[in-house]
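Let me begin by presenting the structure, written as structure tokens, before commenting on it.
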Amino acid sequence: MNAENTVLVTGATGNVGRQVVSQLITARTSTVRALTRNPSTATLPDEVDVRQGDLADPAALETALEGVNAVFLMWPFHTAEPALAVVNAVTRHARRVVFLSSGAVQDGLTPAQQSHPVGQSHAQVEEFIEQSGLTWSHLRPSTFAANTLWWADQIRTGDVVQGAYGAVPMALLHEADIAAVAVHALTEDGHHRAVHRLTGPEVLTQTAQVRTIGAVIGRPLLWQELSREAARQRLLADESFPNAFADALLDGYADMLDAPRPALTSTVEAVTGAPARTYHQWVCDHAADFR
Ligand SMILES: NC(=O)c1ccc[n+]([C@@H]2O[C@H](COP(=O)([O-])OP(=O)(O)OC[C@H]3O[C@@H](n4cnc5c(N)ncnc54)[C@H](OP(=O)(O)O)[C@@H]3O)[C@@H](O)[C@H]2O)c1
């Protein structure tokens, strides 16, 4: 472990950040510091220097940033403006930032020209970072395979998954692959100004995703198509799903249904040397959540 190289991981208890933490520990090239609002419930490995902090309170981040060389930055909010103060705080301490952006960001458009709200806010954070003077890399991942955990309750209690837009094709991405690219960008040279557009290795409709889960857990599962409004009501009634995100999610699916099939990239393999993991592999890694 190199005490000269300290990496601060934000979103360290989330899908991607938790993987970034564990892969940095395995790489043994950096001291790993993690940001969370609730250290007492974060359940991070003992090797991690866990710091309490809130990205909505940039002044309080200064302590967590002391002595840090590189930051893995995720942005959990739907508005980008508060990110400027966070990027400024990072710039006062660190040399490098790797930003978990979104595949929704369209090339060649300003933040205001982006067609999707998620693309707008992430494009704005990207712009703040590009203007900061930091060494930067942006990760623009496709849809996370982890989103399908939203079906876990339905699958644990029955053989049918209800939702809208079952025919939407997605290039689902394993969080371990996003993290693997992040760890390379955080710890190696050669990623400055890189925009890493990441996808999984295959395109699957939601209906096919449900069949894959069934095949792995050994129980045939069926997709049941709901109207958009019925699906919206279902999401709003689900306490584990953020209500504010229901319309954005369904609008995104409607757009994806009309858009060309997602284009696959080979960026995961080009950066890490290993091909992107399949959705089948992701389900095997998370099978316990569906049983
Ligand atoms: N889901 C997708 O398909 C998809 C696709 C492309 C891009 N993305 C982007 O990926 C990001 C989500 O990543 P994820 O799935 O790894 O996260 P996640 O599992 O949703 O976890 C959220 C993380 O954000 C942290 N967090 C929330 N509010 C915070 C605050 N006020 N201050 C500090 N930390 C806060 C939480 O930390 P604590 O609770 O420990 O504080 C937690 O670690 C979003 O920006 C999303 O737009 C998602």
Open item on the list: Taking the Kirkwood radius as the inverse of the mean 1/r across Cα pairs, report the Rg/Rh of the chain.
Closed with: 0.96
- [ ] Could you calculate the contour length gain from Gln113 to Asp189, that is, 0.36 nm times the residue separation minus the distance between their Cα atoms, to one decimal place in nm?
- [x] 24.2 nm
Task: Label-point separation, Glu81 to Thr43 (7 Å along Cα→Cβ), nm - done: 3.8 nm
Task: At R0 = 51 Å, FRET efficiency that the Cβ-Cβ distance of Arg156 and Glu66 yields, to 0.05 - done: 0.70
Task: GNM flexibility winner over the chain from Leu73, Leu249, Leu84 (Cα, springs under 10 Å) - done: Leu249
TODO: Go ahead and estimate [θ] at 222 nm for the chain from helices alone: -39,500 (n - 2.57) per DSSP H run with n ≥ 4, summed, over the residue count, rounded to 500.
DONE: -11500 deg cm²/dmol
- [ ] Using a 10 Å cut-off on Cβ atoms, rank the peptides 10-21, 156-167 from the highest mean neighbour count down.
- [x] 10-21, 156-167
- [ ] Return the single residue from Met170, Met256, Met74 with maximal mean-square fluctuation; model: Gaussian network over the chain, springs between Cα atoms under 10 Å.
- [x] Met256
Open item on the list: Using Cβ counts within 10 Å as a stand-in for footprinting exposure, how do Ile155, Ile178 rank, fewest first?
Closed with: Ile155, Ile178
Open item on the list: Order 99-109, 237-247 from most to least packed using the mean count of other Cβ atoms within 10 Å.
Closed with: 99-109, 237-247
TODO: Give the calculated FRET efficiency between Leu226 and Asp247 to the nearest 0.05, with a Förster radius of 22 Å applied to their Cβ-Cβ distance.
DONE: 0.90
Task: Additional length obtainable on full extension of the chain from Ala270 to Gln52, 0.36 nm per residue less Cα span - done: 75.0 nm
Open item on the list: Output wanted: per-residue J couplings in Hz (rounded whole) for segment 61-78, from phi through Karplus 6.51 cos²θ - 1.76 cosθ + 1.60, θ = phi - 60°, x for Gly and Pro.
Closed with: 7, 3, 5, 5, 8, 4, x, 8, 9, 9, 10, 8, 10, 10, 10, x, 9, 8
Task: Antiparallel DSSP beta bridges within the chain, percent to nearest 5 - done: 5 percent
Open item on the list: Can you give me the C-alpha center-to-center distance between segment 9-65 and segment 87-154, rounded to a whole angstrom?
Closed with: 18 Å
- [ ] Would you mind estimating how fast segment 5-64 diffuses translationally, via Stokes-Einstein at 25 °C and 0.890 mPa s with the Kirkwood radius over Cα pairs, in µm²/s?
- [x] 214 µm²/s
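Bear in mind these aren't lab numbers, they're just calculated from the coordinates by the rules spelled out. Values in this document were obtained by computation on a predicted structure and should not be read as measured data. Don't worry about glycine lacking a Cβ; one is built from the backbone with ideal geometry, like all the others, and counts go over all protein chains shown.
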